[in-house]
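Student: So that we are looking at the same thing, I have put the structure below in structure tokens.
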Amino acid sequence: MFDSGRVETKPNHGVIAAGLLLAVILFGANNIGVKVLVQVWPPITTGCMRFMAAGLLMLALFRYTKWFGGQTRLTNEMKTLLWRRSGLSLAVYIVIFNWALRLAELSHVAVYLGAAPVWALLWEGPPRKNWASLQRYGAAAFAFCGVLILFLPTLRHSNSGGLLGEILGLAASVLWTNFGRQCRSLGKELSPTEIAAHTFWRAAVLLAPLAIVELCRQSIHFTSQLVLAQLFCIIGGSVVAFGLWNYGLRHWQTSQVYLFNNLIPLSNMAWANVCLNEPVTPQFWISTAFIASGVLLGQANWQKVFGARWQPFD
């Protein structure tokens with residue numbers, strides 16, 4: 001249907017997992033940067049600026065370097081899909097996510113994003129009486145319990161953010177899952193970096209009218225700290241992190257990739273400890289054990305571990 005001109009090679013699952021872990025680290029740092037930015041800058045404008053710059057940067061790298069390989073020749077049908085699927089879903093997500101970060105605590109939003117594997121599993125189908133289903137749902141349950149253990153004390157004693165911020169945080173987790181599914185559907189014809197490049201600037205264009213409305217009500221004040229934070233969000237949190245994330249979505253199931261999403265709250269806490277001097281609580285280590293167990297359960301090939309006859313429920 002689409003002329004990609006590429007020969008598909010067998011994916012290296014170790015490389016995919018390592019890339020997803022790096023993406024998690026970058027997402028955690030990016031979320032702190034966005035949190036700082038949206039407290040001062042208009043939230044939609046912040047996202048629009050970030051994605052326009054990231055998209056143009058990636059397109060320039062495609063044109064003038066060989067870092068990402070060749071580009072796929074886009075048909076009109078693929079262009080339409082990029083607008084309707086990944087571009088629109090990313091634009092809607094970033095509006096909700098940035099406003100959630102402005103109105104609620106970062107830890108709250110991270111908890112809701114940790115639920116993304118649950119939505120991914122529900123989208124893939126109901127649970128069945130087989131080992132694959134038990135493995136996926138069990139992994140999601142372990143990881144989600146780890147997130148709850150980490151942040152439940154904060155949720156119980158917090159008095160900031162407001163109901164709207166909590167609702168937006170929950171909505172962001174569903175929209176994040178939807179965005180991943182849209183990228184996965186496009187990944188059959190485009191490389192992960194192509195998806196990111198074409199999606200970013202399209203999302204920025206869709207956000208532009210809302211950004212103009214914001215700028216009519218609130219101006220932007222530039223400081224060196226805010227500019228550096230935005231630059232990191234553009235390069236590290238967008239170009240690199242989304243490219244790695246989309247690469248994983250290209251080769252793995254959405255729910256399998258989104259198990260790593262449960263590590264983002266841990267990444268947020270680690271970065272907050274380093275950058276904001278927030279203490280690491282005992283719940284952090286308990287949560288780490290649960291989440292690591294969930295990722296291990298979801299990623300392990302138990303037939304290889306226990307032998308070819310390992311077929312529970314069959």
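Student: Hey, LEU57 hits all of (1) within 18 Å of the chain's Cα centre (by Cα); (2) more than 20 Å from SER267 (Cβ to Cβ); (3) of a type outside the set (Phe, Trp, Tyr) but one; which does it fall short on?
Tutor: (1)
Student: Need a quick list: helices (runs of 4 or more DSSP H) entirely within the stretch 1-117 having at least 1 residues that are in contact with a helix residue (DSSP H, G or I) (Cβ under 6 Å, 6 or more places away or on another chain).
Tutor: In the stretch 1-117, 13-38, 43-64, 88-103, 106-114 are the helices (runs of 4 or more DSSP H) which contain 1 or more residues that are in contact with a helix residue (DSSP H, G or I) (Cβ under 6 Å, 6 or more places away or on another chain).
Student: Name the residues in the stretch 88-102 that are open to solvent by less than 10 Å² (accessible area, probe 1.4 Å) and touching a Leu at 6+ places or on another chain (Cβ under 6 Å), would you?
Tutor: Answer for the stretch 88-102, where residues must be open to solvent by less than 10 Å² (accessible area, probe 1.4 Å) and touching a Leu at 6+ places or on another chain (Cβ under 6 Å): ALA91, ALA100.
Student: For the stretch 188-213, name all the residues that are under 18 Å from PHE97 (Cβ atoms) and in contact with a Ser or Thr (Cβ under 6 Å, 6 or more places away or on another chain).
Tutor: Across the stretch 188-213, the qualifying residues are THR199, ALA211.
Student: Can you pull out every residue in the stretch 23-45 that is over 12 Å from the mean Cα position of the chain (by Cα), over 19 Å from SER224 (Cβ atoms) and of a type in the set (A, V, I, L, M)?
Tutor: ILE44
Student: Same structure, new question: Would you check if ALA54 is crowded, with 23+ Cβ neighbours inside 10 Å and touching a Ser or Thr at 6+ places or on another chain (Cβ under 7 Å)?
Tutor: So ALA54 passes the test.
Let's see how each residue does on (1) open to solvent by less than 70 Å² (accessible area, probe 1.4 Å); (2) in a helix (DSSP H, G or I); (3) over 19 Å from MET49 (Cβ atoms):
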site	(1), (2), (3)
ALA196	yes, yes, no
ARG202	yes, yes, no
VAL205	yes, yes, no
CYS216	no, yes, no
GLN225	no, yes, no
PRO265	yes, yes, yes
TRP271	no, yes, yes
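Student: I would also like to ask the following. Does PRO11 meet the test of being open to solvent by less than 10 Å² (accessible area, probe 1.4 Å), farther than 17 Å from ARG202 by Cβ and either over 19 Å from the mean Cα position of the chain (by Cα) or not β-branched (Val, Ile, Thr) (or both)? Steps first, please.
Tutor: Working: open to solvent by less than 10 Å² (accessible area, probe 1.4 Å): no; farther than 17 Å from ARG202 by Cβ: yes; either over 19 Å from the mean Cα position of the chain (by Cα) or not β-branched (Val, Ile, Thr) (or both): yes.
So PRO11 fails the test.
Student: What about TRP67, is it surrounded by 14 or more Cβ atoms within 10 Å (Cβ to Cβ) and either among the aliphatic types (A, V, I, L, M) or more than 28 Å from LYS35 (Cα to Cα) (or both)?
Tutor: no
Student: Which ones in the stretch 121-147 are of a type in the set (Val, Ile, Thr) and surrounded by fewer than 16 Cβ atoms within 10 Å (Cβ to Cβ)?
Tutor: none
The values are calculated or read from the model by the stated rules, or taken from the named source; none is laboratory data. Because the structure is a prediction, the values reported are computed rather than measured. So basically every Cβ, Gly included, is an ideal-geometry build from the backbone, and we count neighbours across all protein chains shown. Calculation scope for accessible area: heavy atoms of the full protein, side chains included, ligands and nucleic acids excluded. Shrake-Rupley method; radii C 1.70, N 1.55, O 1.52, S 1.80 Å.
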